[in-house]
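To start, the structure itself, in structure tokens.
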Amino acid sequence: MASLNVGNLGEYLRDQRRQAQLSLRQLADAAGVSNPYLSQIERGLRKPSADILQQLAKALRISAETLYVQAGILDERDRDEVETRAVILSDPSINERQKQVLLQIYDSFRKENAQDEAAADAASGPAADSGGAIADDGDLPPTN
């Protein structure tokens, strides 16, 4: 797990709170944390747990994953996957079976793309150049 970058997290939280037009006290009350504790988080003096980040995200009406990325708990690529899954699972217009099928399709596409990416990386690696030198366009005479 990555270390917490508390300073950036605090600045980000403060910006989000201000955009939501909430006072420190209002956000603290909405998130169920103390006013001094929230102030310490915003000033980069405290490292909030994932649970506290989730409470703050809910109160700010932003995704918890966004705060996890800011805190260094979650990688940016992981966040995209988690958010996609959350959107699928929270859609009230489809039933549970349909949600599971969509998640299976999503997983298969991700796995296929990862395999394609790995194959492309292997093809462009040092082993691909072992067949000898190939002239580039600069070595060819001009054609008219």
For K58, the lysines lying under 28 Å Cα to Cα, once residues fewer than eight places off in the same chain are dropped, come out as K47, K99
Tell me, what is the FRET efficiency for K58 and E96 to the nearest 0.05, using R0 = 25 angstrom and their Cβ-Cβ distance as r?
0.60
Starting from 0.36 nm per residue, how many nanometres of slack lie between L24 and E76 once their C-alpha separation is accounted for?
16.0 nm
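Starting from the residue with the highest accessible area, list I52, I41 in decreasing order, probe 1.4 Å.
Values: I52 30, I41 0 Å².
Ranked from most to least accessible, the order is I52, I41.
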According to the square roots a ≥ b ≥ c of the eigenvalues of the Cα gyration tensor, what is the shape class of segment 1-120, taking rounded for a/c under 1.5, prolate for a/b larger than b/c otherwise, and oblate for the remainder?
oblate
At 7 Å along the Cα-to-beta-carbon direction for both T84 and A119, put a label point, then send me their distance in nm to one decimal.
1.9
Output ³J(HN,Hα) for segment 96-103: one whole-Hz value per residue in order, computed from phi by the Karplus curve 6.51 cos²θ - 1.76 cosθ + 1.60 with θ = phi - 60°, and x for Gly and Pro.
4, 4, 5, 4, 5, 5, 4, 5
Using a probe of 1.4 angstrom, how much of the accessible area of segment 1-104 is carbon and sulfur, in percent?
46
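Let me check something: with ligands and nucleic acids excluded, how do L22, L103 order by accessible area (1.4 Å probe), largest to smallest? All intermediate terms of the calculation are to be shown ahead of the outcome.
On the way: L22 45, L103 15 Å².
Largest accessible area first, the list is L22, L103.
The values are calculated or read from the model by the stated rules, or taken from the named source; none is laboratory data. All values reported here derive from a predicted model rather than from experimental measurement. Using ideal geometry, Cβ is built from the backbone for each residue, glycine included, and neighbour counts are taken over all protein chains shown. We work out accessible area using only protein heavy atoms, side chains counted, and drop any ligands, DNA or RNA first. Shrake-Rupley method; radii C 1.70, N 1.55, O 1.52, S 1.80 Å.
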